[in-house]
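Notes follow once the structure below has been shown.
The values are calculated or read from the model by the stated rules, or taken from the named source; none is laboratory data. The model shown is predicted, which means the values in this text are computed figures rather than measured ones. Because the Cβ atoms are built from the backbone with ideal geometry, glycine has one as well, and the counts that use them run over all protein chains shown. The protein model used for the area step is the full one, side chains on, heavy atoms only, and it has no ligands, DNA or RNA in it. Shrake-Rupley method; radii C 1.70, N 1.55, O 1.52, S 1.80 Å.
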Amino acid sequence: MPAAQAPLPPLPHRGAFITLEGGEGAGKTTQARRLAEKLRARAITAITTREPGGSPRAEVLREILLSGLIKDLGAKAEAIVFAAARIDHIDHTIRPALLAGTWVICDRFADSTRAYQGSFGGVDPGFLEVLERTTLDGVRPDLTFVLDLPAEVGLARAAARRAPETTTDRFESEALGFHETLRRSYLAIAAAEPERCVVVDATADEGEVAEAIWDAVCSRLFAEGAPRKAENSRESSGSTRKPGKKREQDEAHPAPAPRSTSSSKTLA
Ligand code: T5A
């Protein structure tokens, strides 16, 4: 494991780190992609990534976690394996990108461990707090969107999107009460950290959700409002469908983000 890392510089001397959280089928993957497209259209270098996963070794752990192989070891062991995947993801994808000035948009992050393994799994909050602090090693989101919708709506979306030959994963197959508990847990996280978290009504159509997210990015991360679109750039109107749960991580483009350093708010 790499030695202890130097702390990340504050914004705007690095890329911004944005996470999307919420229950199954809330639209996190869809909105991560739309936000990255909006940023790139304004000549801001951005990658999308996901958890569990986001680096080759973490993707291997993802397969194991979602297969349910760790379930019998209990929620505490699951939390540790999610943390192991997160360490590799941070070391090999997130931190290098942020330091290169690339914005990182991550589909799930540490709040998912708080909600799934903490609120529902019953893992001791003190243990999770220490685990989170050690795992993140200073790499904390600047902004987190909690996509909020009734559990049954999200599960229906996830089911409709699933390829016919595939089955539910280890977490989708939990009872509805599990997913309602998760929803309350995410709302509690957002209420406790309003400076970091924004709750978005995810029952709205994709375009409306994307607008709400963009408005918050502009007001929270750009002191002067939305950055202008780059000349000759267009926002993609491609399909927002997530094909058979395939990995959707983009390649990192390590060019520094061209946003003006004076137009961005510093979020410590
Ligand atoms: N987990 C993860 C833990 O337990 N602990 C942890 O620490 C971490 C990091 C990951 C699982 O691991 C657990 C949580 C999860 O159970 P996953 O496959 O990545 O598994 O699961 P999800 O993150 O839940 O991914 P989903 O694909 O189920 O949900 P998304 O990404 O929220 O939804 P998305 O964008 O794929 O959209 C689903 C469908 O809805 C449509 C889309 O087109 C798509 O068909 N859609 C909309 N339809 C109508 N209106 C809208 N506004 C829509 N937005 C999207």
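Overview of values
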read-out: Accessible area of the stretch 11-129 divided out per residue, in Å², using a probe of 1.4 angstrom; value: 32
read-out: Relative contact order computed over the stretch 17-241 (Cα-Cα under 8 Å; 6+ residues apart), in percent; value: 32
read-out: ³J(HN,Hα), Karplus 6.51/-1.76/1.60, whole Hz, each residue of the stretch 196-201, x for Gly, Pro; value: 9, 9, 10, 8, 10, 6
read-out: Simple label model, 7 Å out from Cα along Cβ direction - ARG57 to TRP214, nm; value: 3.9
read-out: Accessible-area composition of the stretch 63-185, carbon plus sulfur, in percent [1.4 Å probe]; value: 58
read-out: Per residue Cα convex hull volume in Å³ - calculated over the stretch 17-241; value: 126
read-out: Segment GLU152-GLU165, length gained on full extension (0.36 nm per residue, minus Cα span); value: 2.5 nm
read-out: Zone residues, the stretch 67-89, relative to ASP124, backbone N less than 14 Å from point 7 Å out along Cα-to-Cβ; value: 76-77
read-out: Approximate spin-label separation ALA100-LEU176, in nm, with each point projected 7 Å along Cα-to-Cβ; value: 4.6
